[in-house]
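Worksheet: one structure, shown below.
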C-alpha cells in the first residue's frame with residue numbers, strides 16, 4: 001500500500017473520530033441539532049446504579065439554584081399556544097397581587113421560550129414585582145388539598161426537597177390547581193446531563209475542563225436515585241394520591257434543579273418556586289441580576305424586540321449540568 005493511500009486512510013479516521021465526538025456534545029446542548037435522548041439517569045428499576053461513594057455532609061441537592069439557561073429547556077407548544085399560556089399566566093399573576101409590565105411577551109424561538117420586549121422600556125421602569133403570596137413552597141403545600149399528606153410526609157422525615165418535588169407533581173396532575181397557569185408555562189422537557197447514559201457521562205469525564213461537570217452530574221443522579229428510592233419505600237405504598245411514574249419524578253426533580261430557589265440568602269435552605277423568575281433565559285454578565293423576592297426594575301434601556309435575560313451567578317459547571325448548555329470554560333464544547 002502506498003504512502004499516499006495510508007495518509008488518506010489516516011485522515012479519514014481522524015475526521016470520523018472528530019465527528020463522533022461532536023455528535024455527543026451537540027446532543028447535550030441541543031436535541032434539534034442531531035441529538036435525541038438515548039438513555040436515562042439509570043436503568044428503570046428500583047435499584048440505583050453503582051456509583052462513586054456519596055460525599056459526606058447530607059443531601060447533595062442543597063446547591064440547587066434558579067436558572068433557565070441559554071437553551072435546552074424545551075417546549076411542546078407552538079407560538080399561538082405560548083401566547084395563550086402567557087396571557088393566562090399574566091392574568092393569574094396580576095389577580096393575585098403581582099405586577100408584570102405590559103411591555104413584555106413570552107415567545108418560543110429555536111426550541112425554547114424566552115421573554116421579549118414589545119416596546120421600548122426605559123431604565124428604572126418596573127419589570128416585575130413578586131408578591132409573597134405567589135411563592136410555591138412547603139407553606140403553600142400545607143394549605144393545599146393535599147395538606148394532610150404533606151404534613152404526614154414531613155413527620156415521616158421524607159427529604160424536604162423530595163416533598164417539594166411531590167408537591168410540584170401533585171399540582172401538575174390536579175386539573176383544578178391554583179398553580180395551573182404557572183405550571184403550564186414551566187418547561188415540559190429538560191435536555192440536561194440527566195438525559196445522558198452512564199457511558200456518555202463517563203465520556204464527558206475524559207473531556208479536558210469538564211471534570212467538575214461530570215462530578216456534578218454524578219451527584220445529581222445520586223440525589224435523584226435517593227429521592228426515587230425513598231418515594232418507593234415511604235410514599236407510594238401509603239398514599240394512592242401520590243402514585244406517580246418515574247418520568248413524573250424526573251420532571252419534578254429537573255424542575256426544582258432548573259427553576260427552584262433556596263429560601264436562604266445564600267441560595268441554600270428549603271426550596272421554593274417563584275413564578276416568572278425562571279422564564280427569562282440565562283446570560284452571563286447580563287445587565288439584569290436574578291432575584292427571588294421583591295421587584296425587578298430595568299437595569300438599562302431596552303428596545304422593542306430585545307430579549308430580557310438574567311444573570312443568575314451560576315458557575316459554568318452548573319449551567320452545563322443543569323441545562324446542557326455548552327460553555328467556553330468546558331473545553332471541547334462548542335456554542
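Readers should treat all values here as calculations from the given coordinates under stated rules, not as data from a laboratory. Because the structure is a prediction, the values reported are computed rather than measured. Methodologically, a virtual Cβ is constructed for each residue, glycine included, from the backbone with ideal geometry; neighbour enumeration extends over all protein chains shown.
Points to keep in mind about this one:
- Segment residue 87-residue 199, extension gain: residue separation times 0.36 nm, minus the distance between their alpha carbons: 36.0 nm
- Note on 102, 210: ascending count of other Cβ atoms within 10 Å places them as 102, 210, the fewest first.
- Rounded to the nearest 0.05, the FRET efficiency derived from the C-beta distance between residue 119 and residue 174 at R0 = 35 Å is 0.45.
- As a proxy for reagent exposure, 113, 91 were ordered by neighbouring Cβ count within 10 angstrom, fewest first; the result is 91, 113.
- Length-normalised contact order of the stretch 104-179 in % [C-alpha pairs under 8 Å, at least 6 apart]: 15
- Sorted by Cβ neighbour density within 10 Å, fewest at the top, the residues 171, 200: 200, 171
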